[in-house]
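Read through the structure below, which is laid out as structure tokens, and then see the notes.
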Amino acid sequence: MITLPLILYTVIAAGLGYYLVRHQNKRFLTFDPTASATVRHIARYGGCLMLLVAIGSAITIFYQSTVIIALVLASGCLIMMAIGLLLISFM
């Protein structure tokens, strides 16, 4: 029952992680990582963490443990919230 939404979440987390890692040296949205090292670090570490969440989410698709699924979803939400809050100071 939870498998399909978890697959969708894995794809979204991997896409966001890949986008952030790929844009650590290029402009994205209104942010310029080449002008500020902090934005570059947020993109690098946030993207890597989201890729780790995507890997963990892919593992939980096969493992199907409710506790692990909840931990992966909560960690992904907290990481994306932190990225958003950190980037909002550069607007």
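Beyond 20 Å, what percent of the Cα pairs of the stretch 3-88 remain?
Numbers: 1233 of 3655 pairs.
The answer is 34 percent, as a whole percent.
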First select every other residue whose beta carbon is under 11 angstrom from the beta carbon of Asp32; then total the charges, Lys and Arg +1, Asp and Glu -1. +3
Cut-off 10 angstrom, C-alpha nodes, Gaussian network model of the chain. Which of Leu71, Leu29, Leu52 fluctuates the most? Leu29
When only C-alpha pairs under 8 Å and at least 6 residues apart count, what is the relative contact order of the chain, in percent? 33 percent
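No value in this document is a laboratory result; all are computed from the given coordinates. The model shown is predicted, which means the values in this text are computed figures rather than measured ones. Using ideal geometry, Cβ is built from the backbone for each residue, glycine included, and neighbour counts are taken over all protein chains shown.
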